[in-house]
Structures are given as structure tokens and as C-alpha cells.
1. Quick check on my filter: what residues within segment E:39-69 are among the hydroxyl-bearing types (Ser, Thr, Tyr), in contact (Cβ under 8 Å) with a residue 12 or more places away in the chain and more than 30 Å from F:Lys14 (Cα to Cα)?
2. Report yes if F:Lys14 is touching a residue at least 12 places away in the same chain (Cβ under 8 Å), closer than 21 Å to D:Ser42 by Cβ and surrounded by fewer than 21 Cβ atoms within 10 Å (Cβ to Cβ), otherwise no.
3. Output the residues belonging to segment D:13-64 that are closer than 19 Å to C:Tyr56 by Cα and touching a Lys or Arg at 6+ places or on another chain (Cβ under 6 Å).
4. Counting only residues that are surrounded by 21 or more Cβ atoms within 10 Å (Cβ to Cβ) and acidic (Asp, Glu), how many does segment E:47-58 have?
5. Please determine whether any residue of segment D:53-66 is β-branched (Val, Ile, Thr) and over 22 Å from B:Met65 (Cβ atoms).
6. Can you pull out every residue in segment D:21-46 that is crowded, with 18+ Cβ neighbours inside 10 Å and among the aliphatic types (A, V, I, L, M)?
7. Right, B:Ile21: more than 7 Å from every other protein chain (Cβ to nearest Cβ) and of a type in the set (Val, Ile, Thr) or not?
8. Go through segment B:5-26 and report how many residues are among the β-branched types (Val, Ile, Thr) and more than 24 Å from E:Glu24 (Cα to Cα).
6 protein chains.
Amino acid sequence: MQISARNSLKGTVKQVVPGAINTEIVIEIAPGVEVVSVITKSSAEGLALDIGKAVYAVVKSSDVMVAID
Amino acid sequence: MQISARNSLKGTVKQVVPGAINTEIVIEIAPGVEVVSVITKSSAEGLALDIGKAVYAVVKSSDVMVAID
Amino acid sequence: MQISARNSLKGTVKQVVPGAINTEIVIEIAPGVEVVSVITKSSAEGLALDIGKAVYAVVKSSDVMVAID
Amino acid sequence: MQISARNSLKGTVKQVVPGAINTEIVIEIAPGVEVVSVITKSSAEGLALDIGKAVYAVVKSSDVMVAID
Amino acid sequence: MQISARNSLKGTVKQVVPGAINTEIVIEIAPGVEVVSVITKSSAEGLALDIGKAVYAVVKSSDVMVAID
Amino acid sequence: MQISARNSLKGTVKQVVPGAINTEIVIEIAPGVEVVSVITKSSAEGLALDIGKAVYAVVKSSDVMVAID
């Protein structure tokens with residue numbers, strides 16, 4: 001499957017914290033650079049996400065804001 | 001200002017494409033790794049976004065999906 | 001690629017309206033049932049979206065609201 | 001109330017899974033075609049969502065991505 | 001129609017800026033307090049949004065971030 | 001930090017409801033007018049959000065819908 005979302009950052013799962021409905025996934029995309037994702041618990045289980053797994057953090061460009069110091 | 005959005009990726013503006021309402025911003029967050037953002041034209045102008053400017057790509061964690069190969 | 005987004009509705013492209021930055025895509029997912037998507041123009045071009053093409057409308061479940069009459 | 005969100009898919013609630021903050025709602029929009037929504041628990045309670053109830057899955061078009069095989 | 005989105009701020013349309021695909025709507029929700037919305041041009045036309053019209057700015061709670069000074 | 005999100009509504013925290021992964025924050029932005037936000041529990045803790053604290057409810061304009069009666 002190829003998706004329209006423009007942002008796809010390669011990384012490795014560092015942490016998986018399951019809740020009742022949602023699961024928080026911490027993905028390391030570069031040494032010391034992490035991206036946090038919240039997806040449904042069933043999605044996380046469906047993808048068998050576990051520490052060390054190679055994944056992509058995917059974001060639609062309309063969900064990306066820009067900030068300056 | 002400190003914001004709740006968990007993801008804040010440091011980078012440099014590589015491209016600014018203004019439309020009528022929205023502007024597309026390409027941010028390089030690592031050599032060869034780009035993040036694309038679509039924000040309103042007035043936001044882009046308000047932040048004076050231009051090529052070479054140091055910025056952060058900011059994403060709320062509930063907007064981050066996870067994909068596997 | 002397998003993605004965490006829980007909703008993936010099979011359909012056919014019925015209309016493609018390109019703007020400067022964004023493109024509007026109308027997808028028919030059942031006779032008379034349409035889903036409208038707004039993605040970046042470059043994404044639409046990258047996927048070669050055109051009338052008649054078989055596609056999926058993909059939505060993260062945290063972006064789905066529920067309404068009642 | 002009439003809302004700007006372009007996508008409104010008629011369906012029936014098939015499952016309601018409450019968590020501490022969020023509730024997951026599974027909506028059948030056609031035989032065998034389901035849409036999953038995550039909304040706050042209080043919203044789900046406020047709408048008295050229960051199995052069999054007629055509802056709409058509502059999505060803003062900027063939250064719809066497009067994928068191809 | 002009653003929707004799950006928790007936030008519905010009453011206001012008045014102050015400005016309508018149409019683009020090719022999207023339209024920017026500025027809504028005054030209190031004297032001097034404005035909310036900006038970007039929706040599709042056809043939605044704006046479908047709701048006949050015009051300066052002075054009474055409207056609600058509607059936001060799903062998972063799209064609201066929190067910031068501190 | 002200055003962010004591209006166009007909407008920043010000043011208010012006071014009225015309620016904090018923590019879950020396993022997400023925390024619901026109720027912000028009063030005017031007498032009797034509340035905005036509800038769902039952010040990760042760690043974000044809420046990182047910002048030390050508590051009843052009475054002065055905060056901003058921040059929303060990207062592409063996440064704001066418009067409704068009419």
C-alpha cells in the first residue's frame with residue numbers, strides 16, 4: 001500500500017505503553033530524537049508493535065505545525 | 001510558550017510554496033530527511049518563514065500513525 | 001506497507017480538483033456514497049490519482065466523530 | 001445543526017468499548033464495512049451511544065488520506 | 001444533528017477568504033477574540049457563510065493542545 | 001517559542017481527569033464557556049497542569065469546523 005501522507009520517518013520502537021483504548025508508542029528516529037504516537041490498542045496489537053521493531057512514524061502534512069524560537 | 005504537543009523536530013526550512021490560503025513548508029530535519037507541513041499563508045508570513053530559517057516541525061502525538069513494511 | 005489507521009474504505013476516484021497547494025479528491029465508496037479528501041497536490045500527483053482509479057480512503061480513528069439525528 | 005465536515009457516513013453502532021477518558025465506537029456503514037471512532041467517554045455518554053443505534057461517522061475532509069495498492 | 005465534538009464556540013463570521021480548494025473563515029467568538037477555520041470552499045458555499053452570519057466554531061477535543069507561558 | 005497554530009484561546013484550567021495514556025483538561029475561556037482538550041498524560045504532567053492554572057487552548061485552523069443552526 002502506498003499512502004498520500006507525505007511524512008514517513010523511519011525508526012525503531014523504544015517503548016510501548018498500553019492503556020484501555022489507546023496505546024502510546026515511542027519511536028526513535030535518530031540517536032536521541034524521539035517521536036511519540038498515540039494509536040488504538042488494537043492497531044498496536046494488529047501491527048505487533050514491540051520494542052526494537054522497525055517502523056515508520058507517518059503524519060499527514062496538514063497535521064504538521066511550524067514553530068520558531 | 002511551552003506546548004503540550006509531544007513532537008518537536010528541529011530543522012531548517014528548505015522550501016516555501018505559497019498558495020492562496022495555505023503555504024507548504026519543507027523542513028529538513030536531518031541530512032536527506034524532510035518533513036512537509038501545510039499551514040495557512042498568514043501563519044507562514046507571521047513567522048517570516050524563509051529558506052534557511054531554523055524551525056521546529058511540531059506534531060500532536062494523536063496525529064502520528066505507525067506503519068510497518 | 002501496513003498502517004495503524006483503522007479505517008480504510010475501498011472506492012473509486014470520481015473527481016480530482018487541483019489547487020495551488022492542495023487537491024480535492026472525491027471517492028465513491030458505494031453507489032451514491034462519496035468520501036471527500038483534501039491532500040497535497042504533490043501527493044495526488046505522486047499517486048497518479050485520476051478518475052476511475054481504485055483507491056482507499058484512509059482515516060485515523062481519532063479523526064472520526066459520531067453524530068446522531 | 002449543519003456542519004462543514006464533508007463526510008457523513010450513515011451506519012449503526014456495533015460495539016462500544018469505554019476506557020477511562022476515551023471510548024471506542026465501531027460503526028457498521030454497510031454489510032461487512034466498519035468505521036472505528038475514538039471520542040471522549042463523556043461524548044459517547046452524552047449521545048447515549050449503544051449497540052444498534054443509528055449514527056453518522058463524521059470526518060473533516062482534511063483528515064482523509066488516500067492510499068493505493 | 002448532534003455531534004460528539006465537545007467544543008462548539010458561538011460566534012459571528014468576520015471574514016471569508018476563498019481559495020481554489022479551501023476557504024479561510026475568521027469567526028469572532030467574543031469582542032476581540034477570533035478563531036480561524038480552514039474548510040473546503042464547497043463547504044463554505046454549502047453553508048452560505050458570509051460576514052455577519054451566526055456560526056459555531058467546532059473542534060474535536062483530541063485536536064486541542066494546551067500551552068503555558 | 002512561537003507556533004504557526006492560528007488559534008490560541010486564553011483561559012484557566014477547571015478540571016484535570018487523568019487516564020492511563022490520555023488526560024482530559026477542561027479550560028474555561030470566558031465565564032461559562034469551556035474548551036475540552038485531550039492530551040497525553042505525560043504532556044499534562046510535563047506542563048504541571050492543575051486547577052486554576054493560566055493556560056492557552058491551541059488549535060490548528062485546519063482542525064476547526066464551522067456549523068450553523
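The values are calculated or read from the model by the stated rules, or taken from the named source; none is laboratory data. The structure displayed is predicted, hence computed values, not measured ones. Note: ideal-geometry Cβ built from the backbone for every residue, glycine included; neighbour counts use all protein chains shown.
1. First, pick out the residues of segment E:39-69 that are among the hydroxyl-bearing types (Ser, Thr, Tyr): E:40, E:42-43, E:56, E:61-62.
Next cut, in contact (Cβ under 8 Å) with a residue 12 or more places away in the chain only: E:40, E:43, E:56, E:61.
E:Thr40, E:Ser43, listed by residue number.
2. Values: touching a residue at least 12 places away in the same chain (Cβ under 8 Å): yes; closer than 21 Å to D:Ser42 by Cβ: yes; surrounded by fewer than 21 Cβ atoms within 10 Å (Cβ to Cβ): yes.
Against the criterion (touching a residue at least 12 places away in the same chain (Cβ under 8 Å), closer than 21 Å to D:Ser42 by Cβ and surrounded by fewer than 21 Cβ atoms within 10 Å (Cβ to Cβ)), F:Lys14 qualifies.
3. Here is the first cut: in segment D:13-64, the ones closer than 19 Å to C:Tyr56 by Cα are D:26-37, D:57-64.
If the condition is that a residue be closer than 19 Å to C:Tyr56 by Cα and touching a Lys or Arg at 6+ places or on another chain (Cβ under 6 Å), then D:Val26, D:Glu28, D:Val36, D:Ser61 are the ones that fit.
4. 0
5. Narrowing segment D:53-66 to residues β-branched (Val, Ile, Thr): D:55, D:58-59, D:64, D:66.
Narrowing the set further to residues that are over 22 Å from B:Met65 (Cβ atoms) leaves D:55.
Looking for residues that are β-branched (Val, Ile, Thr) and over 22 Å from B:Met65 (Cβ atoms), one finds at least one in segment D:53-66, hence yes.
6. Those that are crowded, with 18+ Cβ neighbours inside 10 Å and among the aliphatic types (A, V, I, L, M): D:Ile21, D:Ile25, D:Val26, D:Ile27, D:Ile29, D:Val35, D:Val36, D:Val38, D:Ile39, D:Ala44.
7. Details: more than 7 Å from every other protein chain (Cβ to nearest Cβ): no; of a type in the set (Val, Ile, Thr): yes.
Criteria not met by B:Ile21.
8. Filtering segment B:5-26 for residues among the β-branched types (Val, Ile, Thr) gives B:12-13, B:16-17, B:21, B:23, B:25-26.
Retained after the next criterion (residues that are more than 24 Å from E:Glu24 (Cα to Cα)): B:12-13.
The number of residues fulfilling the criteria is 2.
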